[in-house]
Amino acid sequence: MIDIKPDHYYDNVETGIPVFRPTMNQFKDFSTFVESIVSYGREAGLVKIIPPKEWTAALPDLSERLASVRIKTPIIQHIRGTKGIYTQTNIESRKSYTVREFKTLSEDSDHRPPSRKGVPHGPADPLPRRKRNRKPTTLQTDAVPMETDTDSLPTTPTRLQDDTFSMNEDSSDALVPTSTTSSATQSPNRPSLATIGSNIVRKHLLRRPTSPSPPSRRRSGPTTVQDPFISLVPEAKDDMESDSATAKGDNQTRTKDIKLQDQEELEPPVTDYKVVHGEDYTVEYCKELERNYWRNLTFVQPMYGADMSGSLFDDRTSSWNTQCLGDLLSRIDQNLPGVNTPYLYFGMWKATFAWHVEDMDLYSINYLHFGAPKQWYCIRPEHSARFECIAQGIFSSDYKNCPQFLRHKTYLLSPTKLAADGVPVNRLVQHEGEFVLTFPFAYHSGYNLGFNCAESINFALDDWIPIGRKAESCKCISDSVQIDVEAIFESSIHNKSESASQSRFKSKPTKKATDVEMKDENAPDELLNNTSRRRKRSSASREQEADELRPSENVTTISRSTRSKTESSSKPISKRAKTDPAKKFDCYLCPIQDFDGEMLPTNNGKHCHMICAQYIPETYMTGEEEDEVVVHVEGVPAARRRLRCFVCEKKMGACVQCCKGKCIRSMHASCAEKSDMYVDEVLQEDGESIEYQVYCPTHDPRQEKEREAEYKAWKDMMQKKLKPGLSIWARWNDNVYYSGVVESIFYDKLNCKIQFNDGYAKTVTWKDISLDKKQPATGSRTAGYVQRG
């Protein structure tokens, strides 16, 4: 490791994002440098690195390489929302662009950034015209003179290109292929399934890799007529009017080849990809663009050439080359696009990447090759749990459908909105030629300030291995990443565990560790009582207690039922309650005023029950034990306040819903406590905060176990008593039981074929069969059968 400190902090704030300016000697080894600054990155969540001038000067020119790049199926971003809360929908465009075309598109009046105050924009350059190739057509014998025929030749605007070109599968996504194993006939819409280690699955929509220099297309068939005044051959009309599907397919293939060949002949090297006036992107101008971005976010949908497999680095760049970083992920022998092989991103003004953390909570590196700057937002890891809590409350329906919904990268919350909810957001502007590194658990988002090109890839250090073991992935999207850490990095884990055991053997226990051990031995009852009263605390309170008593990282869920009335009455009264026992307050979050629970003040001058603050996801407590205050009560969404409690039947305060599947029952926290409902205390990833999950009586896990046992007993009884020839009563569609005889029994399907006395035969499930001697009442439940929840 090397001794390196930040050159400065962005915005000159100590809690901001550190910016490093390493020397060439410090910068030359990627892993050593990153391990040296990891303490800063873990705290801030994101760092910026300005490479030394010697490294930047040695980079090769990209002009000729960019000429062969094709931006296939860029996404059009539709953003909807208001007041700092937005959702993003990405729709793939069917058109393919060259770099020059994409740059020209980003500079038109709809997609270019607003000019600086007092500096008007110049006229937008038109899109480059491509050479038009006309199909030969048959000439009439009485053709008009050439002078009049040329005036009637049709012309096509450059922007209205043929779909057959834009969907051509031979055009390249990027310059350098990241995988050589893809089949030439593999469909880009078919997910590729890969197994790594003993249990690793990577599902991704792979783009076909292509060679750095796409071969020139050669057209077979009639010779292209370059001069429009030359007579057109008559055979082509027969081909175009032919009804044969094969002939049509051949013509379409020729058309695509001709267009691509002519395009490559006309496309000169892209030499103007650099920012012309990079010094114009001053701090003031970037802040002006930021204000304009959030005011006009939902207007004019930007286009983003995102997630293009490939790299603009080559073998001439030995250090900080995204294709060969030499990190832990290089041990994976399967290409995972964007994870261990790089992605390219071509952006324009307002092209956005929403709030997210990296797949498997990995590190990431982003290099801006050229173009306009990129605006970043980052939330420090210490505030990640708070941010997740706010997002879960705002997008509650999405959270209920997928607990990892933030990995969908479709949710936007403005820094102003988050700051109002108690989550500070750091800003950073990345200019061309600069690196940005993100660290595990750091939520980040941002947008582009104009046309640019960036390259990104994930990486992992040794300290990521315990993080990767616990990392969760989204189960509802096809391209989520799952890595079997144990199988792939077994040697690193083994070496790390050996060094850790040796250090524990050599070191003596500290006084703090001894105190914790004495607590566990001498006061188990006290710890048990405290478990039932665990509170959601702010990050400041958690930091003070983390070193003294940290919960075991192996325990992820603590299941319990709510306290009984005896336990509630014997609960110690807080010091705050003792100071003024005669004064009573109304709870801001529930209408139950006779509930015997501790009351806490809120940040809006009201009061609420401590248990209400614990159960409501949007609220939490901050401050010392004697001066705790419930904050963010104003952040409880209106939808939660409109819920009606099924216990007290009042639509007041704020309710929580049963967390069982799609159950719509809701209840106040105090009503749930008084009704002795089942509650799960789920320990979050940070190992400190707790989420309370309430179950209604119908879905009480304790009762479900009882019902499961009764159901099993009933099924065993039916298996023993049902025999062919047995007289039974079977329920018909009108809920009336009719007598019949068992013909055959299907034990695997739990049904029987019944021959009724009127001669009709039907297959009936066991739950509709009664073994009673008397005819059961209409609509009655079969004796002994228990409906499982």
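The figures follow:
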{"quantity": "Restraint check, K374/K662; K72/K660; K53/K103, Cα-Cα greater than 32 Å", "calculated": "K374/K662; K72/K660"}
{"quantity": "Compactness relative to 2.2 N^0.38 Å, alpha carbon Rg of segment 649-750", "calculated": "1.70"}
{"quantity": "For segment 340-397 versus segment 1-35, the gap between their alpha-carbon centres in whole angstrom", "calculated": "21 Å"}
{"quantity": "Bins of 5 Å from zero: percent of alpha-carbon pairs in segment 703-770", "calculated": "3, 17, 28, 21, 15, 9, 4, 1, 0"}
{"quantity": "Lysine pair count for segment 703-770 [Cα-Cα under 12 Å; pairs on different chains or 8 or more apart]", "calculated": "5"}
{"quantity": "Exposure proxy ranking, count of Cβ atoms within 10 Å, fewest first, for S675, S96, S36", "calculated": "S675, S36, S96"}
{"quantity": "Burial order of peptide ranges 586-599, 746-759 (average beta-carbon count within 10 Å, highest first)", "calculated": "586-599, 746-759"}
{"quantity": "Which of D421, D484, D462 has the fewest Cβ neighbours within 10 Å, and the rest in rising order", "calculated": "D462, D484, D421"}
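Rule-based calculations on the coordinates, nothing more; no lab input. Treat the numbers as computed from the prediction; the structure is a model and nothing was measured. Don't worry about glycine lacking a Cβ; one is built from the backbone with ideal geometry, like all the others, and counts go over all protein chains shown.
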